[in-house]
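Participant: This structure is in C-alpha cells; I'll ask about it shortly.
The values are calculated or read from the model by the stated rules, or taken from the named source; none is laboratory data. A quick note: this is a predicted structure, and the numbers were derived from the prediction, not measured. In this analysis, Cβ positions are derived from the backbone assuming ideal geometry, glycine residues included, and neighbour counts consider all displayed protein chains.
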Amino acid sequence: MNTGHHLRIGVFVFDGAEELDVVGPFDVLSSWAAHSPLHPEVVTFSADGAGVRCAKGLCLVPDTSAEEIGPLHVLVYPGGAGTRPLAADSEHLEWLRGVRATTPLVASVCTGALVLAAAGLLAGRPATTHWAAFDELAAIDPSVLADTEARFVDDGDVVTSAGVSAGIDMALHLVARLDSVEAARGVRRGIQYDPAPPV
C-alpha cells in the first residue's frame, strides 16, 4: 500500500487500555519503521492528547491528540477494560466512524473489536476478539461473524485480532501486508518473537 505518501500509523491510547495491546503492535511497527525504505511513521495519540493510565497501571504520554493526528493509513485500536465506556460513548463512536471513512485500514486488538462493533464497523463481517469477550461482541452486534479460532482476521480494510499477545501476530501480518513477508520476518527476528510457551 505504498501510495507515495508518508505512511502514518496511529496507535490510539486511552485510560484502561491493555498494556501489551498498545506496546506489542507499537514495538513491531516501530521496529519495522526503523529499517523500512517506506519510512513509515508510528504515532501514539489519545482523545485529548493527555497522558493515559493503562489497565494494569502503566502510564503513557502520547505524541498527540485525536484532533491533531491528521490523516492516517492505519489506525490501531487496542483493547482492555477501558473499551467498555468507549463502546457506550456516542461521541467517540461518531469520531471512530469518521476516522474509518478516511483511513484505509483499521486494526483492533483484543476487546478493541467491541468498540469497532459498537460503531457499526463490523456489521456482517468476520472478526475476532479476546476469547472471553465473544458474548459481549454478539450482544453489541449479533451480525458479526465471530471467528473463535483465529489469532487475527484480515477482512481487507478491517483487521481484528484476538487477546493481548495476538496483537503482535497481527502487527507482523500488517508489516507483511504493507511491506513484505521478508520485512515482517526481519522484525520477528529482531524482537526475538518465537513463541513456545514454557508453561
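Participant: How many of the residues in the stretch 159-187 are assigned to a helix (DSSP H, G or I) and either of a type in the set (Asp, Glu) or in contact (Cβ under 8 Å) with a residue 40 or more places away in the chain (or both)?
Facilitator: Qualifying residue count, the stretch 159-187: 16.
Participant: Filter the stretch 134-187 down to residues that are within 21 Å of ALA17 (Cα to Cα) and of a type in the set (S, T, N, Q) and give me whichever is farthest from the chain's Cα centre (by Cα).
Facilitator: Checked the stretch 134-187; the qualifying residue farthest from the chain's Cα centre (by Cα) is SER165.
Residue by residue, here is whether (1) aromatic (Phe, Trp, Tyr); (2) surrounded by fewer than 21 Cβ atoms within 10 Å (Cβ to Cβ) holds:
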| site | (1), (2) |
| --- | --- |
| TRP95 | yes, yes |
| THR102 | no, yes |
| ALA113 | no, no |
| ALA127 | no, no |
| PHE134 | yes, yes |
| PHE152 | yes, no |
| ALA166 | no, no |
| HIS173 | no, yes |
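Participant: Can I ask one more? Among the residues of the stretch 130-137, are any in contact with a Gly (Cβ under 9 Å, 6 or more places away or on another chain) and assigned to a loop (DSSP other than H, G, I, E, B)?
Facilitator: yes
Participant: Something else: Tell me whether the stretch 44-54 contains one or more residues that are among the aliphatic types (A, V, I, L, M), at pLDDT 95 or above and surrounded by fewer than 17 Cβ atoms within 10 Å (Cβ to Cβ).
Facilitator: yes
Participant: Considering only residues that are of a type outside the set (Ser, Thr, Tyr), within 22 Å of PHE134 (Cβ to Cβ) and in a strand (DSSP E or B), which ones fall in the stretch 55-92?
Facilitator: Within the stretch 55-92, VAL76 is the sole residue that qualifies.
Participant: When you go through (1) closer than 23 Å to ALA17 by Cα; (2) at pLDDT 95 or above; (3) in contact with a Phe, Trp or Tyr (Cβ under 9 Å, 6 or more places away or on another chain) one by one for LEU105, which number turns out not to apply?
Facilitator: Going through the list (1) closer than 23 Å to ALA17 by Cα; (2) at pLDDT 95 or above; (3) in contact with a Phe, Trp or Tyr (Cβ under 9 Å, 6 or more places away or on another chain), LEU105 breaks only (3).
Participant: Still on this structure, please answer the following. How about the stretch 147-163: which of its residues are more than 16 Å from ALA176 (Cα to Cα) and among the aliphatic types (A, V, I, L, M)?
Facilitator: Correct list: ALA150, ALA162.
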